[in-house]
Structure formats: structure tokens, C-alpha cells
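Asker: Quick one: the structure is below, and I'll ask about it shortly.
The values are calculated or read from the model by the stated rules, or taken from the named source; none is laboratory data. Model, not experiment: these values are computed from the prediction. Every residue, glycine among them, receives a Cβ derived from its backbone with ideal geometry; neighbour counts consider all protein chains shown.
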Amino acid sequence: MIIKKKQPITLAEVLEILKNIETEKAKEIVTFIKKFVEIDAEKAKKLKQELIGLNIAHLKEEDIVKLIDFMPQDSADVHKILAGSEASLNKDEVEKVLAVFKKI
């Protein structure tokens, strides 16, 4: 296998990709991922674009993908999700992020 491009994607996007693969292993992974995914790939892509559009300097695409996968409900959730990353959001930035998720 050759890696052509490295790009973070959400679990919903992974699910969409794996649905087109007809191997037993892919079916097992799809079954497992479905337990955790709350939205479809289109909504995930839309969320990603909205979060990128916030132009929060220290919020990288990897962080955005994590946020979408975990779907934070409050500021504590946002801080827990981003705890291991370099992103350190202030109160206003956290509120902007949460506003995007509340639209769903």
C-alpha cells in the first residue's frame, strides 16, 4: 500500500469510505465505528468547514477532527478533547466552537 496523501478525517468520513469496501475486515470495522458516530459524512464535512472558517489560529485540522468525532456539549468537553494537543482556546474561542455544534 502506498500512502498518497496524509489528511485527518472524521470517523464519519472513514465510515463512508469503508462502506464501499466489500471485505470482511471492512464490515467489522464499519460495525464498530457505527457505535461511535453520531452524524453522517456530509454533516461532518460541513462541520469541518465551519470550524475551519472560524479562523482560530491554534486550532489545527487534527484538533477539528477530534472535536467532530467527540461532539462536545460544553466548554469542559472542549478542553478535555483538546487536552493533549497544542491548542489552547480562550473562553470566546470555545464559545465559537460550541456555537457551531449547537446548530446541529
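Asker: Look at Lys46 and say whether it is under 27 Å from Glu93 (Cβ atoms), without any contact (Cβ under 8 Å) to a residue 24 or more places away in the chain and within 11 Å of the chain's Cα centre (by Cα).
Answerer: Spelling it out, Lys46 is indeed under 27 Å from Glu93 (Cβ atoms), without any contact (Cβ under 8 Å) to a residue 24 or more places away in the chain and within 11 Å of the chain's Cα centre (by Cα).
Asker: Could you tell me whether segment 11-26 includes any residue that is closer than 21 Å to Leu51 by Cβ and either of a type outside the set (A, V, I, L, M, F, W, C) or touching a strand residue (DSSP E or B) at 6+ places or on another chain (Cβ under 8 Å) (or both)?
Answerer: The answer is yes; a qualifying residue exists.
Asker: So, one more: Can you name the residue in segment 51-69 that is buried (at least 16 other Cβ atoms within 10 Å of the Cβ) and at pLDDT 95 or above and is also nearest to Leu11 (Cα to Cα) among such residues?
Answerer: Ranking the candidates gives Asp69 first.
Asker: Go through segment 72-90 and report how many residues are assigned to a loop (DSSP other than H, G, I, E, B), surrounded by fewer than 17 Cβ atoms within 10 Å (Cβ to Cβ) and not aliphatic (A, V, I, L, M).
Answerer: Within segment 72-90, residues that are assigned to a loop (DSSP other than H, G, I, E, B), surrounded by fewer than 17 Cβ atoms within 10 Å (Cβ to Cβ) and not aliphatic (A, V, I, L, M) number 7.
Asker: Please verify whether segment 82-101 includes one or more residues that are within 11 Å of the chain's Cα centre (by Cα), closer than 20 Å to Glu13 by Cβ and among the β-branched types (Val, Ile, Thr).
Answerer: There is no residue in segment 82-101 that is within 11 Å of the chain's Cα centre (by Cα), closer than 20 Å to Glu13 by Cβ and among the β-branched types (Val, Ile, Thr).
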